[in-house]
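Structure, as structure tokens:
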Amino acid sequence: MMLRKSSKLLLSNPNNYISAFTANSVFPRLFSHSQTPSSSIKLGFLNNVSDGIRASATPASAFDLLSLGRLFGRCYWELSKARLSLLVVATSGTGYVLGSGNAIDLAGLCWTCTGTMMVAASANSLNQVFEISNDAKMKRTMLRPLPSGRISIPHAATWATSVGLAGTALLAYNTNMLTAGLAASNLFLYAFVYTPLKQIHPINTWVGAVVGAIPPLLGWTAASGQISLNGMILPAALYFWQIPHFMALAYLCRQDYAAGGYRMLSLADASGQRTASVALRNCLYLIPLGFLACDWGVTSGWFCLESSLITLAMSAAAFSFYKDRTTQKARKMFHASLLYLPVFMSGLMVHRLTTDNQQCLVEGNTKRIVELSSSSETIAEESGNVNRKSVRHSTVGRQARPPVAYASVAPFPFLPAPSYATTP
């Protein structure tokens, strides 16, 4: 009981636990042979001192190691921004499904998601290493592992580097080099371009949107091995979606961002009009994506309708924020953006067209083209016969004009044969 109470006290303040662990307050208890019989009785073990210590050493050490593992596991979870990284994995997995043919390689999907998760965790950890002083000034980030002192900077940097290299190598070995290159480039763009740019210029929001648009393209290349126009639907949606999403967040957290020293568009926009107009404009950019997905053969026509409806709903929330720039309207737009993305990605996967469906559409279109061509040829032949008959009747008693080679005058097979008017 005392051991449990002490562990709860230490876990409530992780600094106490680390200091206790490094000050050898745990190991002497485990390996010392000078405990008194009363302490052995309190712990509920044998009255014999030496036997009690030998019996209690193994459970106590296992409990301490388990507590330490839970402590650092929690730190790694927070350093990786696990929920954000899982969203990145979801977009990457959706891109993989869209880039697959008739059959989805589940092993390849798992490897892609795992590698993406590791690279995203590395990028987020490096972001916190570089922004430790800024995070310490903001209410919503001051309790993160680095500002709170639960983990050291070298430890966090080592974790970020190792997991990033391992994730990139995993993608290179199990998918292809193009996918690994995209992952490494995105890590560099997020950690070494976007992160410092947040303290320099508001354009960081648009750079961050590029970072968010790469994971679905990464999934597409992992499945198909190439970058194609069809694979740009989801990345484009991610890019335009992030602008209103982060504009709403930046408006809601203006004071926190100002305290942290970040340069956001909302901080230089006291009325909020520019922030709201940028959000509304990028919502409208999302409207054609459903039609393009259908026109390019990525999805069926139903997705065009569904995508238009959810995009108009999000645009309505953005327009409401534009007309009435209040915290309540900004929060509604933020919640609408949270709803938009999973619905959009689900619709893409539900209504996606496989290779067989696309081939059937192509064959159907080709068949209709052939039928139209053959009917045109039939009409051309019939009109040619009529023209030849009329010329023959009009040139009775006169010498007909010498025939001209068909191909030299009418090189297109669906055009009628030429007819010549005779001079009187």
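The values are calculated or read from the model by the stated rules, or taken from the named source; none is laboratory data. Here the structure is a predicted model, which means the values were calculated and not measured. Counting neighbours? That spans all protein chains shown, and the Cβs are built from the backbone with ideal geometry, glycine included. To get the accessible areas, we keep the full protein, side chains included, count just its heavy atoms, and leave off ligands, DNA and RNA. Shrake-Rupley method; radii C 1.70, N 1.55, O 1.52, S 1.80 Å.
A few notes on this one:
- Qualifying trypsin sites (Lys or Arg not before Pro) in segment 85-147, DSSP loop, other Cβ atoms within 10 Å at most 12: LYS139, ARG140
- Probing with 1.4 Å while keeping every protein chain in the model, the per residue accessible area of segment 77-224 equals 41 Å².
- Label point distance in nm, CYS110-MET177, each placed 7 Å from Cα along Cα→Cβ: 2.8
- Projected label distance in nm at GLN255 and ARG281, using a 7 Å step from Cα toward the beta-carbon: 3.0
- For THR299, the residues whose modelled amide H falls within less than 5 Å of its own, excluding neighbours fewer than 5 places apart on the same chain, are CYS294, LEU353.
- FRET efficiency for ARG70 and PHE291, using Cβ-Cβ distance with R0 set to 41 Å, rounded to 0.05: 0.25
- Its Cα gyration tensor gives segment 73-176 an equivalent ellipsoid; the semi-axes, largest first and in whole Å, are 31, 14, 9.
- Applying 0.36 nm per residue to the separation of ARG325 and MET349 and subtracting their alpha-carbon distance, the gain on full extension is 5.1 nm.
- Each residue was assigned an accessible area with a 1.4 Å probe, and for SER133 the value is about 70 Å².
- Largest to smallest in accessible area, the residues TYR285, TYR173 fall in the order TYR173, TYR285 (1.4 Å probe, all protein chains included).
- Our coupling estimate for segment 171-181, obtained by passing each phi through the Karplus curve with A = 6.51, B = -1.76, C = 1.60 and θ = phi - 60°, is 5, 5, 7, 9, 10, 7, 5, 4, 5, 5, x Hz, Gly and Pro reported as x.
- To the nearest 10, the accessible area of ARG263 is 130 Å² with a 1.4 Å probe.
- Scalar couplings 3J(HN,Hα) for segment 252-260, obtained by applying the Karplus form with A = 6.51, B = -1.76, C = 1.60 to θ = phi - 60°, are 5, 10, 4, 5, 5, 5, 5, 5, x Hz; x denotes Gly and Pro.
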